[in-house]
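The values are calculated or read from the model by the stated rules, or taken from the named source; none is laboratory data. As the structure is a computational prediction, the values presented were derived from the model and not from experiment. Here the Cβ positions follow ideal geometry from the backbone for every residue, glycine too, while neighbour counts run over all protein chains shown. Just the protein is used for accessible areas: all its heavy atoms, side chains included, with ligands, DNA and RNA removed. Shrake-Rupley method; radii C 1.70, N 1.55, O 1.52, S 1.80 Å.
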Amino acid sequence: MPRVAVLVFAILFGVACQVPSGANATPAPTGAQSGGTLRVAVPAEVTAFDPWSADAASLIATRQIFETLVELEPATSRISPALASSWQITNDGASWTFTLREGVVFHDGVALDAASVIASFERGRTTRSYRALFDDPPAIKSIQAVDQRTVRFDLRAPFGPFLAHLASPQAAIARASGAGTGPFTASASALAPDGTLTLGRNDFYWRRDSSGKQLPYLDGLVLRPVRDVTSRLAELRAGRVEVALDLPIAQASSARSDPSLLVSPRKDAALASLGIDAVTPPFDRPEARRAVAMAVNRNALSAVYAGTSRPATQVVPPGSLGYDESVAEFAPLDTDAGRKALADAHVPTPISTDLAYPNAPTAAYPDPQRIAQSIAADLGKIGIVARLRAVDATALREARATFTLDTTAIGLDPDDVFWPLYGLDDPSGGSLIVGLVRKARADADPTKRAELYKQVSKIARNDALRVPLLFADRPNAATARLVGYTGIEYFGTVWLRP
């Protein structure tokens with residue numbers, strides 16, 4: 001089965017970054033006040049302003065400057081209008097026609113039109129992010145202007161995640177000049193020699209809150225690189241920044257105990273799962289793999305996360321398209337039943353295996369070695385002796401270990417999880433799961449796709465090709481003066497109390 005340790009760049013750093021919808025009127029916080037500059041401590045310097053080529057740190061900046069055709073509402077996982085006010089699907093999902101919102105202008109004063117959308121996508125066509133979002137070779141065959149405010153995407157065939165992937169920050173619409181339509185603008189001198197980025201308010205921004213007040217509330221935004229995690233929290237506590245992004249568990253726990261701060265994690269940022277080599281005996285037999293699933297104590301793992309994780313019953317979190325409410329648990333914790341399953345299958349023990357884990361923290365594993373040790377101890381209780389191997393996170397697939405601790409970013413579409421985990425290859429040569437995942441990817445109907453993914457979740461419990469462990473949050477912290485911040489790295493709708 002696939003050993004995908006970390007999803008491709010665009011999915012790991014872009015698709016997983018959800019932007020709250022504001023195309024419909026944004027709810028007005030009680031007593032919302034305009035003005036002030038928000039200072040944010042970010043993990044690294046901004047290196048690119050083109051959304052297609054932006055790295056993780058740069059995407060934090062580009063999301064304030066550029067906008068996408070559609071957006072995902074984090075609370076509901078629904079796709080909602082953004083720069084496109086509406087869309088129609090024809091040709092069984094192989095053609096998508098978008099009507100662009102009226103009255104939207106780029107920061108340089110040029111009106112948003114179909115030509116600017118086409119130019120933005122054409123510029124990205126050769127990039128790694130484009131291929132990651134729209135497949136390789138690309139699912140998009142052509143993009144045409146129907147008229148000045150209407151653009152049509154023709155696909156080579158229906159592509160299930162197409163609409164959701166249009167909400168990726170990399171797919172934001174940008175002019176070649178670097179102008180966007182977002183709530184903040186970047187001047188020619190915005191990036192200082194020390195890496196600090198200063199953005200100004202877009203006075204011609206098109207969005208308003210529910211009371212009719214123009215957004216953003218802030219006058220400006222400063223993104224300051226602070227690589228050391230301890231220093232990021234220290235800067236927040238000292239009042240030199242109002243937000244500290246991407247804090248490790250220890251710092252987040254410390255911030256949580258400070259009444260002047262609020263910890264606002266980005267929920268379910270990544271899936272932690274135990275990959276199983278389904279080719280090498282005895283784990284080519286589902287009975288042996290199910291025994292492994294019954295041995296793993298997920299509740300014991302949660303102690304490592306200090307309240308920033310939840311046990312996973314399937315590979316997508318609650319609220320996702322295709323989440324199966326009927327699946328209450330992936331497997332019961334029952335070491336006696338696990339030992340019996342191996343005995344009934346006439347699998348001799350002890351079984352010598354190896355377990356490869358990331359040699360550095362990932363989005364899913366704040367302390368990979370400790371988690372690997374806990375799982376190895378669980379496996380030992382049913383007669384499986386796992387030798388631990390620390391491996392670079394990007395090389396886990398090539399490690400060829402019996403077990404791997406895999407990290408999968410939770411993206412904008414369930415395909416972002418199901419495809420790398422189940423759809424890329426079929427070690428058994430006839431897996432029902434692989435066929436269902438591929439069928440869901442080729443269908444544009446969300447209702448049909450949801451039912452296919454629910455079938456996958458049910459079969460996955462029996463096949464146990466991998467064991468979902470937990471969903472991990474990405475903790476961020478902010479001053480209690482900041483209103484409207486939900487842990488998403490987007491600041492177009494927040495404001496500061498005096």
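What are the pairs with Cβ atoms under 8 angstrom where one residue, in region 417-436, is within 18 Å of Val316 (Cβ to Cβ) and the other, located anywhere, is of a type in the set (D, E, K, R) and at pLDDT below 65? Sequence gap at least six, or different chains.
Short answer, once both residue conditions are applied: Val434/Asp426.
Can you tell me which residue among Arg449, Arg387 is assigned to a strand (DSSP E or B) and of a type in the set (Lys, Arg)?
Checking each option against the conditions leaves just Arg387.
Assuming Ala179 fulfils every condition listed in (1) touching a Gly at 6+ places or on another chain (Cβ under 8 Å); (2) surrounded by fewer than 22 Cβ atoms within 10 Å (Cβ to Cβ) apart from one, which condition is it?
That leaves (1) as the condition not met.
Test Thr479 against the stated conditions and say whether it is free of Cβ contacts under 8 Å to residues at least 12 places away in the same chain and hydroxyl-bearing (Ser, Thr, Tyr).
no
Taking region 334-348 only, how many residues are within 18 Å of Leu469 (Cα to Cα) and surrounded by fewer than 17 Cβ atoms within 10 Å (Cβ to Cβ)?
1
Tell me yes or no: at least one residue of region 115-132 is open to solvent by 10 Å² or more (accessible area, probe 1.4 Å) and part of a strand (DSSP E or B).
No, region 115-132 has no match at all.
Residue-wise test of (1) over 30 Å from Gln64 (Cα atoms); (2) among the small types (Gly, Ala, Ser); (3) surrounded by 24 or more Cβ atoms within 10 Å (Cβ to Cβ); (4) modelled with pLDDT of 95 or more.
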site	(1), (2), (3), (4)
Gly411	no, yes, yes, no
Pro427	yes, no, no, no
Ala440	yes, yes, yes, yes
Glu451	yes, no, no, yes
Arg461	yes, no, no, no
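Checking Leu59 against (1) more than 30 Å from Lys448 (Cβ to Cβ); (2) under 17 Å from the mean Cα position of the chain (by Cα); (3) surrounded by fewer than 17 Cβ atoms within 10 Å (Cβ to Cβ), only one condition comes out false. Which one?
(3)
Which of the residues spanning region 238-255 are charged (D, E, K, R) and surrounded by 17 or more Cβ atoms within 10 Å (Cβ to Cβ)?
Selection gives Glu242, Asp246.
Given the criteria crowded, with 17+ Cβ neighbours inside 10 Å, closer than 22 Å to Gln214 by Cα and of a type outside the set (Ser, Thr, Tyr), does Glu67 qualify?
Yes.
Quick check on Ile351: is it over 18 Å from the mean Cα position of the chain (by Cα) and open to solvent by less than 10 Å² (accessible area, probe 1.4 Å)?
no
Only one residue in Thr62, Thr76 is in contact with a Gly (Cβ under 9 Å, 6 or more places away or on another chain), part of a loop (DSSP other than H, G, I, E, B) and within 20 Å of Ala269 (Cβ to Cβ). Which one?
None of the others qualify; the one that does is Thr76.
Within region 101-143, count every residue that is at positive phi and among the β-branched types (Val, Ile, Thr).
0
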